[in-house]
Structures are given as structure tokens and as C-alpha cells.
1. Which loop-located trypsin sites (Lys or Arg not before Pro) does segment 101-200 contain, where loop means any DSSP state but H, G, I, E or B and the Cβ has at most 15 other Cβ atoms within 10 Å?
2. How many angstrom lie between the C-alpha centres of segment 193-252 and segment 109-140?
3. Taking square-rooted eigenvalues a ≥ b ≥ c of the alpha carbon gyration tensor, is the chain rounded, prolate or oblate, where a/c under 1.5 means rounded and, failing that, a/b exceeding b/c means prolate?
4. Just want the answer: with Cβ charges of +1 for Lys and Arg and -1 for Asp and Glu, which residue in Gly94, Ala200, Leu123 is farthest toward the dipole's positive end in the chain?
5. Would you kindly give the portion of the calculated P(r) for segment 148-210 that falls above 19 Å, as a percent of all Cα pairs?
6. Cα convex hull of segment 104-224: how many Å³ per residue?
7. List the trypsin sites (Lys or Arg not before Pro) within segment 9-39 that DSSP assigns to loop and that have no more than 13 neighbouring Cβ atoms inside 10 Å.
8. What is the dipole size for the chain, taken about its Cα centre, with +1 at each Lys and Arg Cβ and -1 at each Asp and Glu Cβ, in debye to the nearest 20?
Amino acid sequence: MNASEGVAPAIESILAAADERGGGDRRLSVAARSLPAALAAAEEDGRVPVIGEVKPTSPTTDGRRDDDPVALAEALVDGGAAALSVLTEPDHFGGSPDALQQVRETVSVPVLRKDFIRREEQLDIVEADAVLLIARFVDDLAGLVIAARERGFQPLVEVHSRAELDDALAAGAGIVGINNRDLARLDVDLSTFEELAPHAPEDVTLVAESGIASRDDAARMRRAGADGLLVGSALMDGDVAANTERLVGAKR
């Protein structure tokens, strides 16, 4: 599979860097905190179930946050985030496995590792509760889903099209992220989630990703069936705790 075919140059660069990165030196075994349970608990508490992202930078945002990632994570949780996502991709997003490890040791909520994982051994870089697997960029999706679960990770399989959603479901994904961003053009359309969500079984946890910048956006995704919302840039711009509190609608 030529995964980079048809994608934006920035994504081609990310994939090339991911292919050059190796794996861990030992097979990990993780006692994961449940991401679906955390999202459900936030809803029961009257909060919008948000996965707040510790996101220093990205190819689609201006500027960079050089704050301590642990401080950013604590601010997200203080604002009411149900779970966290931490970038471990170093070259284009400013993330690191060390940052994820420090965050997970500090907070009590589930932590998703967000990276461009291409091969099984790359799962063994750092412990997390959940790992992102991007359907478009994985050759053996079913095999990688199984490998993640064997280590105790909860795989969150990201899709952008009906074909990718079908592949994710065939691979046994129980948590599916629908990315509103088209990685070919890097533009965002919230209708992507609305179009794909009805095709997912009710027992699959659905996460809406990208383009959620306001309470109205969050409400729109929730009406369309999102069990959780992955939000990064909108929370990182300014006062992280206050931004999160505004989006989730209630503070712990």
C-alpha cells in the first residue's frame, strides 16, 4: 500500500518520518483505564465528553505552546476533560513519549497516545491507555488492532471515509474516531462525521475528531452520535482550563 498517495505534502513528510522511527526494546503490557467508561461518566456528570489534546503544535496550526505538558494536561483535567490525548510524534507535532509518560503518571483519566503508528513494534514505545491507529496508513489493520489489545491498549481506529469505516469494523474496532479533516487537502468538514456515524453499530464508541471549536460544534457532533470529542487546537489557544470548561459546559 502506498499510504502517502494522494495526501498533502505535510502528511507525506510525517509518514516518511514515521517509517524511519523504530520500536521499543521490550514488549509492553498495560493495565488500561477505560476510555469508553470515562466518556460515559462525563456525560452522566452533565459534561460534554471531551478528550483534551496536549498539542504543542501541528502542520495545520500557527505557533507553538512550549508549556510543560504535565501542566497543560492538569489544566485540561481541571477544566473537565474526560480523557486526554498526548502527541508522541516529535518532528511535526512537538510531542514525545516522555511527555506522555509524565502525563499518564500524573493524571487519573485515560490517556490516548496520538502518533502515526505504522508497525507493531512501534506500539512498544510508551505505555498509554489507548493508541491511535489511522486506518488509511496501516497495511494490516486487523493485525495491529490485535497486537494493541494483546498489550492491553485500547485501539482507537481513525477513519475518514465509508470504506475506511468498513475496514475498521471488519478489523474489530470497538472505538472509532471519525476525522473531519481530509488528509489529502487538510480541509475540515463537520459533515464527514454526520455522514459516517449512522453506518457504525450502536455498540461502537464513536469519537468526532478535528474542527470542533465551539459549543455549537460540540452540540452538532453530539446530535450526530458522537460519544466523545477529540479537541486540540481550540483548547490550546489561550487559557487551557477556561477553554476546556467552556466547551464541556460544567466543571468538576
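1. Working: sites: Arg104, Arg113, Lys114, Arg118, Arg119, Arg136, Arg149, Arg151, Arg162, Arg181, Arg185; in loops: Arg118, Arg119, Arg151, Arg185.
Answer by residue number: Arg185.
2. 21 Å
3. The shape class here is rounded.
4. Of the listed residues, the answer is Ala200.
5. On the way: 526 of 1953 pairs.
Everything past 19 Å amounts to 27 percent.
6. Taking the convex hull of the Cα positions in segment 104-224, it is 121 Å³ per residue.
7. Arg26, Arg27
8. On the way: 26 positive and 46 negative charges, 90 e Å.
In debye, rounded to 20, the chain gives about 440.
No value in this document is a laboratory result; all are computed from the given coordinates. Keep in mind it's a predicted model, so treat the numbers as computed, not measured. So basically every Cβ, Gly included, is an ideal-geometry build from the backbone, and we count neighbours across all protein chains shown.
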